[in-house]
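The values are calculated or read from the model by the stated rules, or taken from the named source; none is laboratory data. No experiment lies behind these values; they were computed from the predicted model shown. In this analysis, Cβ positions are derived from the backbone assuming ideal geometry, glycine residues included, and neighbour counts consider all displayed protein chains.
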Amino acid sequence: MTEETPDGYGKTIQSIESALEVVEVIRQKERAGVTEIANELDRSKSTIHHYVTTLTKHDYLDKVDGEYQLSLRFLTLGGQVREREQLYHLGKDNVEELAQETGEQVRLIVERNGSGITLYQATGDRVTKPITHVGSIEELYCTAAGKVFLAELSDEELDSYLDEISFTSYTEKTITDGDALRAELEEIRDRGVAFDDEERYEGYRCVAAAISTEKRELFGALSVSAPVKRMGEERFRTDVPNQLQNVAGVVEINTTYSEWTDVL
């Protein structure tokens, strides 16, 4: 069965749409049983059972203690996709170096379809449990890297973005007002770095800087995250931003050099 979508993609296959919805629920919950998935998607348990059985048969899901989780097949797919990303190859060594220099979690982030995706990350010796992982998907309005991407939008593009999203309050500090977000984006354009002050993860601060191409097109973002207890005001507002901008500049030079060699 096919159905027409309102987003310009044309007809889609409903059964595949449903299978992907099942996968997405399991991704968000990390592990879930048939009843939980059925309740989440408002489908019958028998229907969900058919989907998870099929996905398990083809090694996309693992069944553990009566619940389902994503299998390593997705790591194979994700690894193959990441290998084609130029920014990953140009920036991963700098991410590693900055993680060692700061002792904190450092990420290389790209924007796809209105979300920020962690392309690569490294942790310094101060980090015991990272708050994200490679492949993490986050909204743009509540993360430092996300605001970097939003700050590059034109007024018309930002209007469209704000019309389409629904703000979620992840913490007491999450920005949930379009006008407040606009004001902060203006500040980001002026200072060149973006801040997330416990807006996505309670108890954590994050700073991000843009990585641009030689043509000044936004390529990605570089961020440093740390618990508030290790990210005091001076480190948050001055020290880490300076370190970030220096490293982002190096990655931009690598990007420019890569473009030159591609031409040659």
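The set of residues in the stretch 1-16 that are touching a Ser or Thr at 6+ places or on another chain (Cβ under 9 Å) and either at pLDDT 95 or above or of a type in the set (Asp, Glu) (or both) comprises GLU3, GLU4.
When we screen TYR141, TYR161 for residues that are of a type outside the set (A, V, I, L, M, F, W, C), surrounded by 13 or more Cβ atoms within 10 Å (Cβ to Cβ), within 28 Å of LEU98 (Cα to Cα) and in contact (Cβ under 8 Å) with a residue 40 or more places away in the chain, the only hit is TYR141.
Suppose the filter is touching a residue at least 60 places away in the same chain (Cβ under 8 Å), more than 21 Å from ASN94 (Cα to Cα) and not aromatic (Phe, Trp, Tyr); does ARG191 pass it?
Values: touching a residue at least 60 places away in the same chain (Cβ under 8 Å): no; more than 21 Å from ASN94 (Cα to Cα): yes; not aromatic (Phe, Trp, Tyr): yes.
In short, no.
So is ILE117 under 19 Å from the mean Cα position of the chain (by Cα) and free of Cβ contacts under 8 Å to residues at least 24 places away in the same chain or not? Yes, satisfied.
All conditions in (1) assigned to a helix (DSSP H, G or I); (2) touching a strand residue (DSSP E or B) at 6+ places or on another chain (Cβ under 7 Å) hold for ALA19, with the sole exception of (2).
Given the options ALA38, ALA32, ALA122, name the one that is in contact with a helix residue (DSSP H, G or I) (Cβ under 6 Å, 6 or more places away or on another chain) and without any contact (Cβ under 8 Å) to a residue 24 or more places away in the chain.
Working: ALA32 fails: without any contact (Cβ under 8 Å) to a residue 24 or more places away in the chain; ALA122 fails: without any contact (Cβ under 8 Å) to a residue 24 or more places away in the chain.
The unique qualifying residue is ALA38.
When we screen LEU70, LEU153, LEU77 for residues that are surrounded by fewer than 17 Cβ atoms within 10 Å (Cβ to Cβ) and within 21 Å of THR174 (Cα to Cα), the only hit is LEU153. Being closer than 23 Å to ALA210 by Cβ, among the hydrophobic types (A, V, I, L, M, F, W, C), at pLDDT 95 or above and over 18 Å from the mean Cα position of the chain (by Cα) is a property that LEU108 lacks. Among the residues of this structure, GLY103 does not count as one that is modelled with pLDDT under 95 and in contact with a Gly (Cβ under 6 Å, 6 or more places away or on another chain).
State yes or no: is THR174 hydroxyl-bearing (Ser, Thr, Tyr) and either more than 19 Å from the chain's Cα centre (by Cα) or crowded, with 17+ Cβ neighbours inside 10 Å (or both)? Break it down into steps so the answer makes sense when it comes.
Values: hydroxyl-bearing (Ser, Thr, Tyr): yes; either more than 19 Å from the chain's Cα centre (by Cα) or crowded, with 17+ Cβ neighbours inside 10 Å (or both): yes.
Criteria met by THR174.
Of the residues making up the stretch 143-190, those that are farther than 24 Å from PHE219 by Cβ and in contact with a strand residue (DSSP E or B) (Cβ under 9 Å, 6 or more places away or on another chain) are PHE167, THR168, TYR170, LYS173. Scanning the stretch 154-168 turns up no residue that is touching a helix residue (DSSP H, G or I) at 6+ places or on another chain (Cβ under 7 Å) and polar (S, T, N, Q).
Given VAL207, VAL240, which one is within 17 Å of LEU98 (Cβ to Cβ) and either outside any strand (DSSP E or B) or not assigned by TED's automatic domain parsing to the domain that holds ARG112 (or both)?
On the way: VAL207 fails: either outside any strand (DSSP E or B) or not assigned by TED's automatic domain parsing to the domain that holds ARG112 (or both).
None of the other options fit; the residue is VAL240.
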